[in-house]
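Here's the structure we're looking at; comments come further down.
The values are calculated or read from the model by the stated rules, or taken from the named source; none is laboratory data. Note that the structure is a prediction, hence the values are computed from the model and not measured. Every residue, glycine among them, receives a Cβ derived from its backbone with ideal geometry; neighbour counts consider all protein chains shown. With ligands, DNA and RNA removed, areas are computed over all heavy atoms of the protein, side chains included. Shrake-Rupley method; radii C 1.70, N 1.55, O 1.52, S 1.80 Å.
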Amino acid sequence: MSIVQNILKIAKEHKINNQQLCKILNTNSSKVYDWKVGKSKPSAEDLCTLSDYFGVSIDYLVGRTDKPNLDEAPATASAPTSQEPKLNEDELELLEMYRSLSKRARHELMVTTYEMKDQDELERDRENYINYDAI
């Protein structure tokens, strides 16, 4: 399910229509329509606003977890399984810092991370296009 489909599903569960969703986001009525048709994507600010409004984590909004709140995740959720590599010192330090953040700061960090990941993917796509063009 796409991020937009997931947001619309959550809104529907809360009996929020598209027009009300735009009011929550303090924006014009075309924003949700633009999301639906792929003209734009929810911004970091949109995700934070909706996360706060619905009382759910950004991970839940974007479909990365089926648990609405970060606090509901089991304490062992980040423990590696026998198939997963163990966390290195930098990763453990990041995890410790993340856990010390407020809920709002966690949301903002997640949004920033998603934006960085998207930028990396765009740059890789651009490099692949340039390399393909040189052939």
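Here the spin labels are modelled as points 7 Å beyond Cα on the Cα-Cβ line, and at TYR33 and ARG124 they lie 3.5 nm apart. Counting only protein heavy atoms and a probe of 1.4 Å, the accessible surface of region 1-76 is 47% carbon and sulfur.
Over 24 Å apart at the Cα level, from the set LYS23/LYS67; LYS12/LYS117; LYS23/LYS117; LYS9/LYS86; LYS12/LYS41; LYS31/LYS103, are LYS23/LYS67; LYS12/LYS117; LYS23/LYS117; LYS9/LYS86; LYS31/LYS103. Rounded is the label for region 3-62, because a/c, from the alpha-carbon gyration tensor with a ≥ b ≥ c as root eigenvalues, stays below 1.5.
With a Förster radius of 25 Å applied to the C-beta separation of MET116 and GLN19, the computed FRET efficiency comes to 0.15.
The residues of region 1-67 expose on average 60 square angstrom of accessible surface per residue, using a 1.4 Å probe on protein heavy atoms.
The simple spin-label model puts a point 7 Å past each Cα toward its Cβ; for ARG99 and ASN6 those points are separated by 2.3 nm.
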